[in-house]
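The values are calculated or read from the model by the stated rules, or taken from the named source; none is laboratory data. Only a predicted model underlies this, so the values are computations on that prediction, with no experimental measurement involved. Methodologically, a virtual Cβ is constructed for each residue, glycine included, from the backbone with ideal geometry; neighbour enumeration extends over all protein chains shown.
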Amino acid sequence: MQTLLPYLPSLLAIAVLLPLGSFCAILLGAQWLGAKGKFAGTLATTAVLASTVLSFFSAGIWFTAHPAGAVDHAAHEVPPVITGHGYTLATLAGTNVGINYYIDALTIVMFCLVTFIATCIHFYSTSYMHDELDDVVDQEALLEDGESLHRPGRYARFFQSLSLFCFSMLGLVLSGNYLMTFVFWELVGLCSWFLIGFYVERTTASTAANKAFIVNRIGDFGMLVGMMALWGSLGTLNFGDIDQQQGIFSQVRGEENHYALKVPDGMVRLAAGRQIEALALHATEPLTTEQLAAKVNAEMPVWREANLGYGLLIIAGLGIFCGCVGKSAQFPLHVWLPDAMEGPTPVSALVHSATMVAAGVFLVARSYPIFLPEVLLVVACAGCITLLIGASIALVATDIKRVLAYSTISQLGYMMLALGCGGWAAGVMHLVTHACFKSLLFLGSGSVIHAVQTNEMPQMGGLWRKMPWTAGTMLVGCLAIAGIGIPSVFGLPIGLAGYYSKDLILEQVYAFRSENPLWGSFFFAAAAGGACLTAFYMFRMWFLTFWGEPRAAKRFDRAHESPRVMVVPLVLLAILAVCVAWPAFSWFGLPTLSRSIEQARPAGIWADMHGALWHITLPEESKGHTAAVTSPVGLIELGAALAGIALAALFYAWKVLDPEDVSRSFHPLYHTLYRKWYFDEIYQAVFVRGTMALAHCASLLDRLLIDRLVDGLARLGVGLARLSDLWLDRQGIDGLVNWFAEQTYRLGSALRTLQTGSLRQYVMLIVASTVAMFLLISFWTLALTG
Amino acid sequence: MDNLALYIVTSLIFMPVVGAIVLLFLPAENKSLLRWFTLAITLLVLLPLLGIAMPGADWLSFQVGDGGVQHVVQLSWIPSFDIQFFLGIDGISFPLLMLTAVISLLAMGASWTIDQYVKSYCVLYLLLLAGMIGVFLSLDFFLFYVFWEVMLLPMYFLIGVWGGPRRQYAAIKFFLYTLVGSVLMLIALLMLYFNSDLRKLSPQQLTASYVAAWDNGGNLLSAEKYKQQLEVSEHAVHTFNILALQQLGQNSDAFDQRLLYGKSVQWWAFVLLFVGFAIKVPSVPLHTWLPDAHVEAPTPISMILAGLLLKMGGYGIIRICYPICPDAGYDLAWLVCSIGVISMVYGALAALAQSDFKRMVAYSSVSHMGYVVLGLGVWSATAGNLFDPTAWNMGVKGALFQMIGHGISSAGMFFMVGVVYDRVHHRDLNQFGGLYGKMPVYTAMAMLLFFAGLGLPGLCGFIGEVFVVLSAWNFSPTLAAIAAAVVILTAGYILWAIQRVYLGPQYHGPHEEALTEINRREMAVAIPLCVLAIVLGVFPAIVFRYMDKTVDRQVTDLTRWTEEVKLPRLRAAEAEADQEVAANEP
């Protein structure tokens, strides 16, 4: 297997390109793909299945070459990475911008995760989207006369978008520089737009799609700023070193500095632009560029001491994180994700819970080497707030998909919190486990919705009798997300997937707390409380859906277990949700999840980090694994989960407490939660209205000011021309000419009186004029000679 | 063979003129003959350019390794003022020439809907084409000016005769705006001409800038011989040669005399030229001719207007303003960049407020062309950046790519608006909806082109936008951040328009029965645009390969100029200021 290592990039590239091929084939040839494009589903599924096979094969190659657990971070070994160059987009004065790849264990794990879940969901969709094979009557898209809309099915279009999504997501995972990341980042956003707005006729769907895209673009704006700061100062956007050209990571955490974080020279230089200019202008002798550069290098330690460039690195980090805030639906840009549930349920499972929204977490994990402690604190705060907001709204939501959506937001908050507290592996681990059980939960909810034709939980109940498989697998999902597990059996903790990752997160936050009591206490309280809330709302959902008596008899009667092609993916994902994180695989020589992730730990993320501007210390991750931390945290976590489940059971299973009563007694709070903390209303009033008002101002300015000015100038020109016509031409020049003509005429008539016909008078005139002329001429000659 | 190449280059201009003359003798009733003939002529312009674009034939191919001008055609035209018929191609003009030929061909394909006065339309169309090709080809400033004006008149008639209800107003507005720009350019042109002096150039510089003189027998003089002739001349020898003016601007003090208010000749020339070109781009606040002209012009003319005419402004800035007046360019870079950013923001905001489909697309052009101005202006190769040309290089390349990308996407967007306008005869964004169901193929293509305008990766609008924005940081982080924020507004107006026009349950406007799927002729226009949008987005190198060397060279020259000429000046000014401070201290 090891000999195949050089082909790994090509294998993964093929895995990326296969779904693209399927997309193109469906886009251009839908009408030849069987009746109503039935074959499109098969085509897309085959493509993604092939990608899965390739991914797992690549994983085999990778972990044979670099056994998981072989890299010893205690000895500060650098993780194995393969980087390389795909093709060049442009050459700019010696630097290249292009398509690169960056492969490490994280890439491999993400590849396996994305392709496996995508395959399950493709299979599931072939059945779930079955209605689209025939003409569809869309009950939710009403025509003006109140009729439901009839339209042809769009089975092929669905799989077309799904294929494009798989391509973009895999490309994002493989990408080796920020520009390429940004490219695929936008492309997954586009796919999300297509898929949320799949029911194009529904105004709610297209509005939700636009909202998702635009809110994501706000994040992308931040990401662009971060990229600018990096590009402007470092002259490269590559993650790793390619062909001796230093990438960003090695400039920030250089080998010579023992991989500790240091503001790179380029950033110091860019931040010191003014000082450099002063050097050049005030030097006594004119300096050549080389001399100037030498002087700058001499000054460098002084500037570095003054923390020049530190702010730039913060901007870069915050910018990149801003992109992640948008994509991962973190506070304050979390508002798009619940609306995204307008899309078909398989889409919610794949795009809006398991993979795309996790891309933000992935990018934070990927960019971890360049994040300063100050930035990470912001990450942790955003995560913490998001985790609480998401969990609190999920408590009261009645739409089954929205409960899951808010739960997703909350879990993404957990991941960010973990990353922000220095728990790199904890955050990534939760990303993987969450993807497994959340896609399971969404597919389960899809199965329910498919059966009862509604999203509203108040109209469900008792469904476990009709749909045992769905109910069972969803119970597994709920237990997994609640993080049920036993802290220690045979020296090893044993539990469902969520247990391991959540435990890691809490441990890390606990360790963080011992270094930074103020922040840490708050974070730990939020994380532990959030764990309780998670268990509560998940079991609330499960009880409301499957337990008790049916609340809508008609819907209950129609309900049925889903066909096998939908149940099998559920079972597969349930198995994953149970055992994906088990450490026991290492007994069979297989790479376990935690060790695989551990192998990808970026160089340098093995020591405490200290902030230079704020007093903040991020503990390195192994500090959370000491017995002093694990035993209390394990108990707290289990206690929180059990308490949440018990509370849910009290309300919804045993009916000891009445939820109506509670909501009435806490009415203002309940209402605020029900209205989602009024985020939508506030954003609508402030940002959307504000922007539209500005837009109308601009438009009015054009019409009322600039255009009037221009028209006025034109009118002024015309007026002036008229005026000149009237005054100058008619009265001035014409007047002069006319006056002259008149005078000539008058002179002529005056002279006419002289013509009397009398000879004596004529002779008299001749004599007089001759004398006059003689006198005139003689005076003239006299004057000339004299 | 060399001569053949030169004839081919010359024919690019004269082919449409000859075509227009032939058209005069064709029967006016036979509309389809007239259209096909015009289409054939535009094709005859495109084919030689394709030949030049292809590698392989050494005598004809564009040499991508050569940063200078190629295929130079040089004839004396008005010897008493040394005005020459001087054409040439380089990496800046060639992509724009290709774009001109392609868009002209496609816009002619879109002209089948013109049914009145077809003959005059075709004649004017070809004259317009000749003017546009001439602008991009000419290297003599006077010739450039002549073509610039030649372009103006047919455009006036094309809007004024074949336009919509307010065509008279739009046409005269377009004409006056552009005329003001031309007059400013003319003043600057004469200022530069009368201050130029060929005696200040060395023989190498004369050779490099193709300064040509002929002896009495009509033979071309060598540079040394001509230099000897110049040496003995008592009076300044003026020139219109753009390349020579560039050499003079960068290597001599020819344009540095004080003129008015303590500013130099080149400062004023730069301002006049920039205003002239900014009208064409158009930049806020000189942009209001554009929405009116676009709304009133017929579809193919809108395509030409947005796809090509606007590019002349950008071309003028990069070809004339910066290289000829570098000192003013350096001092005014902040102004140029600010205008670019203001245009981007303002255009996007105004687009958001429009309810007329075509007006919205027109304002999106204002916004997108702002990127071009910003990219051309980001002169970041300063002392503070240790004269690192990378960012500026990226900005200029991004701006040039943006011109090409916008040429494709805006022409496409206008065409797509035209397709639906031809069917339902209205453009009110609030009276559409549901076209997805009625015209799926059309909708797919329209979405693709609108997404190209939105700057989606993988399509032609992305590369230009992202390069320009990335490059702006080293010039001014604030401007760069504002520029980056425009991506949000762009997404807003484009997606909102898509939602209102293409999505939704049903069409609610007049003439619903007329909404039929896009026909074959329209497909023939739309498909090349879509394909180009994708190909340029995925393989931008096919454009960059032509412009790389020329842009590298120009940026390197100007960086060298900053280092060797501007820095000492700044030092001197600084020293003077220091002395003054020292003198004023008690």
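Values as computed for the structure displayed
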read-out: Some residue of region B:478-485 being in contact (Cβ under 8 Å) with a residue 60 or more places away in the chain, crowded, with 24+ Cβ neighbours inside 10 Å, of a type outside the set (D, E, K, R) and touching a helix residue (DSSP H, G or I) at 6+ places or on another chain (Cβ under 8 Å); value: yes
read-out: Given (1) assigned to a loop (DSSP other than H, G, I, E, B); (2) more than 8 Å from every other protein chain (Cβ to nearest Cβ), number of the condition B:T562 does not satisfy; value: (1)
read-out: Test result for B:A444, within 11 Å of chain A (Cβ to nearest Cβ) and either part of a helix (DSSP H, G or I) or free of Cβ contacts under 8 Å to residues at least 12 places away in the same chain (or both); value: yes
read-out: Output for region A:446-475, where each listed residue is under 21 Å from A:C579 (Cα atoms), touching a Leu at 6+ places or on another chain (Cβ under 8 Å) and hydrophobic (A, V, I, L, M, F, W, C); value: A:W469, A:A471, A:M474
read-out: Which listed residue is within 29 Å of B:L4 (Cβ to Cβ), assigned to a strand (DSSP E or B) and not small (G, A, S), from B:V123, B:V73; value: B:V73
read-out: Of all residues making up region A:249-266, the number that are of a type outside the set (D, E, K, R), away from chain B (no Cβ under 14 Å) and not in a loop (DSSP other than H, G, I, E, B); value: 5
read-out: Hits in region B:536-559 - residues which are farther than 20 Å from B:Y322 by Cβ, surrounded by 16 or more Cβ atoms within 10 Å (Cβ to Cβ) and more than 10 Å from chain A (Cβ to nearest Cβ); value: B:L536
read-out: Selected residue (only one of A:A649, A:A641 is closer than 24 Å to A:L388 by Cα, away from every other protein chain (no Cβ under 14 Å), modelled with pLDDT of 90 or more and touching a Gly at 6+ places or on another chain (Cβ under 8 Å)); value: A:A641
read-out: Within region A:655-690, considering residues that are in a helix (DSSP H, G or I) and either touching an Asp or Glu at 6+ places or on another chain (Cβ under 7 Å) or charged (D, E, K, R) (or both), the one nearest to the other protein chains (Cβ to nearest Cβ); value: A:R689
read-out: Among the residues listed as A:E144, A:E140, the single one being within 12 Å of another protein chain (Cβ to nearest Cβ), part of a strand (DSSP E or B) and surrounded by fewer than 24 Cβ atoms within 10 Å (Cβ to Cβ); value: A:E140
read-out: Enumeration of residues in region A:109-137 that are within 14 Å of another protein chain (Cβ to nearest Cβ) and among the aliphatic types (A, V, I, L, M); value: A:V136, A:V137
read-out: Residue within region A:691-699 that is surrounded by 13 or more Cβ atoms within 10 Å (Cβ to Cβ), of a type outside the set (S, T, Y), within 14 Å of chain B (Cβ to nearest Cβ) and touching a Ser or Thr at 6+ places or on another chain (Cβ under 6 Å) present; value: no
read-out: A:S348 surrounded by 24 or more Cβ atoms within 10 Å (Cβ to Cβ), under 17 Å from the mean Cα position of the chain (by Cα), under 25 Å from A:W231 (Cα atoms) and hydroxyl-bearing (S, T, Y); value: no
read-out: Spans of helices (runs of 4 or more DSSP H) in region B:183-297 with at least 3 residues within 30 Å of the chain's Cα centre (by Cα); value: B:203-208, B:242-251, B:265-280, B:289-296
read-out: Selection within region A:388-416 - out of contact with any Leu (no Cβ under 6 Å at 6 or more places or on another chain) and either crowded, with 24+ Cβ neighbours inside 10 Å or of a type in the set (K, R) (or both); value: A:G390, A:A394, A:I400, A:K401, A:R402, A:V403, A:Y406, A:S407, A:T408, A:Q411, A:L412, A:M416
read-out: Verdict on B:I41 being farther than 30 Å from B:D552 by Cβ, buried (at least 22 other Cβ atoms within 10 Å of the Cβ) and not acidic (D, E); value: yes
read-out: When residues of region B:130-146 are limited to those that are assigned to a helix (DSSP H, G or I) and within 14 Å of the chain's Cα centre (by Cα), the one surrounded by the most Cβ atoms within 10 Å (Cβ to Cβ); value: B:M132
read-out: Of all residues in region A:224-238 being over 19 Å from the mean Cα position of the chain (by Cα) and more than 7 Å from every other protein chain (Cβ to nearest Cβ), the one that is surrounded by the most Cβ atoms within 10 Å (Cβ to Cβ); value: A:N238
read-out: Flag for A:S562 being within 17 Å of A:G420 (Cβ to Cβ) and hydroxyl-bearing (S, T, Y); value: no
read-out: Residue in region B:565-584 that is at the interface with chain A (Cβ under 9 Å from one of its Cβ atoms) and touching a residue at least 60 places away in the same chain (Cβ under 8 Å) present; value: yes
read-out: Count of residues meeting criterion [touching a helix residue (DSSP H, G or I) at 6+ places or on another chain (Cβ under 6 Å), among the aliphatic types (A, V, I, L, M) and facing chain A (nearest Cβ under 8 Å)] in region B:457-477; value: 4
read-out: Matching entry among A:R269, A:R202, A:R274 (being among the basic types (K, R), buried (at least 24 other Cβ atoms within 10 Å of the Cβ) and either without any contact (Cβ under 8 Å) to a residue 40 or more places away in the chain or facing chain B (nearest Cβ under 8 Å) (or both)); value: A:R269
read-out: Residue list for region A:277-312, restricted to those being in contact with an Asp or Glu (Cβ under 8 Å, 6 or more places away or on another chain) and within 10 Å of chain B (Cβ to nearest Cβ); value: A:L279, A:L281, A:H282, A:T289
read-out: Only one of B:F387, B:F401 that is within 7 Å of chain A (Cβ to nearest Cβ) and among the aromatic types (F, W, Y); value: B:F387
read-out: Selection count where residues are under 22 Å from A:S51 (Cα atoms) and either facing another protein chain (nearest Cβ under 9 Å) or more than 20 Å from the chain's Cα centre (by Cα) (or both), scope region A:152-179; value: 6
read-out: Helices (runs of 4 or more DSSP H) (entirely within region B:307-422) containing at least 1 residues that are over 28 Å from B:D253 (Cα atoms); value: B:310-316, B:333-353, B:357-377
read-out: Filter pass, A:W193 being within 12 Å of A:M341 (Cα to Cα), aromatic (F, W, Y) and assigned to a helix (DSSP H, G or I); value: yes
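Rundown of residues vs (1) within 30 Å of A:A471 (Cα to Cα); (2) among the charged types (D, E, K, R); (3) touching a residue at least 12 places away in the same chain (Cβ under 8 Å), yes/no style:
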position: A:L576; (1), (2), (3): yes, no, yes
position: A:A581; (1), (2), (3): yes, no, yes
position: A:F588; (1), (2), (3): no, no, no
position: A:T592; (1), (2), (3): yes, no, yes
position: A:A600; (1), (2), (3): no, no, yes
position: A:A603; (1), (2), (3): no, no, yes
position: A:A607; (1), (2), (3): no, no, yes
position: A:L613; (1), (2), (3): no, no, yes
